[in-house]
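These notes concern the structure reproduced below.
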Amino acid sequence: MSFLNIDELTGKIFTGQWTRAHGGDAPIVNPSSGAEVGRAGSSNGQDVAEAAARAAEAQKGWAALPFVERAAILHRAGRVIEDNGAEIIDWFKQEAGAAAGMAGFNVHVGGAECFEAAALASQPYGEILRSEKPRLSFSRQIPVGVVGVISPFNAPLILGIRSVAPALALGNAVILKPDPRTAICGGAVIAEAFRQAGLPEGVLQVLPGGVEAGQQLVADPNVPVIAFTGSTAAGRKIAEAASTHLKRTHLELGGNSPLIVLDDVDIDAAAENGAWSAFLHQGQICMIAGRHIVHESVADEYVAKLSQKAKGLPVGDPLQREVALGPIIDAAQRDKIHGLVTSSVSGGATLAAGGTYDDLFYRPTVLDHVTQETPAYNTEVFGPVASVIRFSSVDELAAIAANSEYGLSLGILTRNPMRGLEIADRIPSGIVHINDQTVDDEAVAPFGGVAASGNGSRVGGRANLEAFTETQWVTMQAEPARYPF
Ligand code: NAD
């Protein structure tokens, strides 16, 4: 028996059971072949409002359960994901165009997020405070109620479950709105994992839908906290809308991360890091290194080795054969990538590899001799494009690397890690990897960007306790307090 019964899910949303959406349904398309692989329910305002009211009711019983019961369900959900990894990987290939490695990474982190959240459920959740009065004074982290999670298409399992699992562990109900293009990997997989793990009905609801469903979730009075992962443009709109409702938002947004290659590196290792951080999942990862900032003394060799790698990487349908890169998610995104590459070349950049495509399969691309004005260098491409810029001094390097509206991840390659850390101190970034490239994620680590990459909130590790609770001050004393009047 398969983990997902696709006939059962077709055209449905998950409200605790699989039910038809008031908003109808929408096709899910395999980007490699253009074939319809299924239909997801398409939530409208009524679906969201009903789900939010249901969630607010279900949350009370969930929060009242002993923590060990919540932890057990989270643990079981992690096992369900791991045990059904092979089937989930297949869905990733079909629906998200992910190659086996990226699909497997989603399964691994998806399971780990549940295990880590199970552990979070048993952590201390407050502090004993000193008080000027003879009483017990403490603070405790209490559930917020209903958390709304809005996720993108690119790493749909990780980017949904990294908020869903800790929010549930801390006693909240959750409404997840995945991107409609990845309603299976980013929605049905998570819904089924928790349903099969025995989560009470209504505590997690999964409502695929478009922008309007997301807007409705942000506006709903039953949903006080929104965890959003997606583009900076959408994040800004969500922050604006949430502020009128005085809601808290956790915004994990776009990036254009620098990979810095100093003059003392092993250039083969550097090119390997460069290729991985630029081309993994066709460059459709927020932490991807779009900006390769390379010391002028090693830049020619770096570009040669990176281009050689780019030319040799297999690109194709991950369901049919083993590939390094699958398809771009859709034609609009491919056209955006190609537009940035062609305008960069006509603006003076050298095309060292790639720059061509076949259907949605875009060849890994290397642009050399870019400037800070080159479109593919100074914009988030969200495609498999490495732009190489050269520097001569550390001051120049630090100024170039810091000159970006984003601040998500930073990779620095050098034989002298301390020198790397000193450079990192000069570049605003939520994540720093010294002697590694920019793309990484672990359930135990805090994740988030600064500036246009996010609002500084963090998910992951201990940060989850703050993200998905309210802090309440409590005092207790034996007798009623007395006052002068
Ligand atoms: P997007 O912002 O267009 O969509 C993301 C999600 O938000 C989708 O579910 C979409 O339906 C919903 N949405 C869009 N506009 C909305 C609105 N006004 N109100 C409510 N919901 C709305 O994102 P995309 O372009 O499809 O995804 C790629 C972007 O996501 C890139 O910029 C990438 O860097 C970013 N991203 C960031 C992270 C991170 O952790 N920082 C991770 C992955 C992707």
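The values are calculated or read from the model by the stated rules, or taken from the named source; none is laboratory data. Being a predicted model, the structure only gives us computed values, none of them experimental. Reconstructed Cβ throughout: ideal geometry from the backbone, glycine too, with neighbour counts over all protein chains shown. The accessibility values were calculated without ligands, DNA or RNA, using every heavy atom of the protein model including side chains. Shrake-Rupley method; radii C 1.70, N 1.55, O 1.52, S 1.80 Å.
Just the number, please: carbon plus sulfur as a percent of the accessible area of the chain, 1.4 Å probe, no ligands or DNA/RNA counted.
52
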>> Quick check: the angle from helix 299-312's long axis to the longest principal axis of the chain, C-alpha only, nearest 10 degrees?
In response: 70
> Which lysines, on any chain, are close to Lys305 with Cα under 25 Å apart, when same-chain ones fewer than 8 places away are left out?
Replying inline: none
> Which whole-angstrom value gives the distance between the alpha carbon centres of the range 99-118 and the range 427-485?
Replying inline: 22
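Quick one: work out the % antiparallel among DSSP beta bridges in the range 110-218, nearest 5.
Antiparallel bridges make up about 35 percent of those DSSP assigns within the range 110-218.
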>> Under 18 Å between alpha carbons, and skipping anything fewer than 8 positions from Lys247 in its own chain: which lysines qualify?
In response: Lys177, Lys237
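Under a 1.4 Å probe, what is the accessible area of the range 257-434 per residue, stated in Å²?
38
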> Between Tyr406, Gln141, Ile89, whose Cα lies farthest towards the positive end of the dipole of the chain when Lys and Arg beta carbons carry +1 and Asp and Glu beta carbons carry -1, centred on the Cα centre?
Replying inline: Gln141
> Hey, rough spin-label estimate for Val37 and Thr350, points 7 angstrom out along Cα→Cβ, what's it come to in nanometres?
Replying inline: 4.0
> Which listed residue (Ala478, Ala451, His338) has the Cα farthest towards the positive end of the charge dipole for the chain, taking +1 on Lys and Arg C-beta and -1 on Asp and Glu C-beta about the Cα centre?
Replying inline: Ala478
>> Using protein chains only and a probe of 1.4 angstrom, how many square angstrom of Leu351 are accessible, to the nearest 10?
In response: 80
> Three principal axis extents, largest first, for the C-alpha atoms of the range 331-485, in Å?
Replying inline: 80, 41, 31
> If you count, for each residue, the other Cβ atoms within 10 Å and average over each peptide, how do 471-481, 173-183, 21-31, 222-232 line up from highest to lowest?
Replying inline: 173-183, 222-232, 21-31, 471-481
> Tell me, what is the percent relative contact order of the range 310-450, built from C-alpha pairs under 8 Å that lie six or more residues apart?
Replying inline: 16
>> Between 0 and 90 degrees, rounded to the nearest ten: what's the tilt of helix 232-244 against the longest Cα principal axis of the chain?
In response: 20
> Could you give the distance between the Cα centres of the range 130-171 and the range 282-331, to the whole Å?
Replying inline: 37
> What per residue convex hull volume, in Å³, do the alpha-carbon atoms of the chain yield?
Replying inline: 162
>> Could you compute how much accessible surface Arg54 exposes when probed at 1.4 Å, giving the result in Å² to the nearest 10?
In response: 90
>> Quick check: convex hull over the Cα atoms of the range 257-434, volume per residue in Å³, rounded to an integer?
In response: 103
> Helix 100-120 versus the longest principal axis of the chain: what angle, 0 to 90°, nearest 10, using Cα atoms?
Replying inline: 30
> When only Cα pairs under 8 Å and 6 or more residues apart are kept, what is the percent relative contact order across the chain?
Replying inline: 17
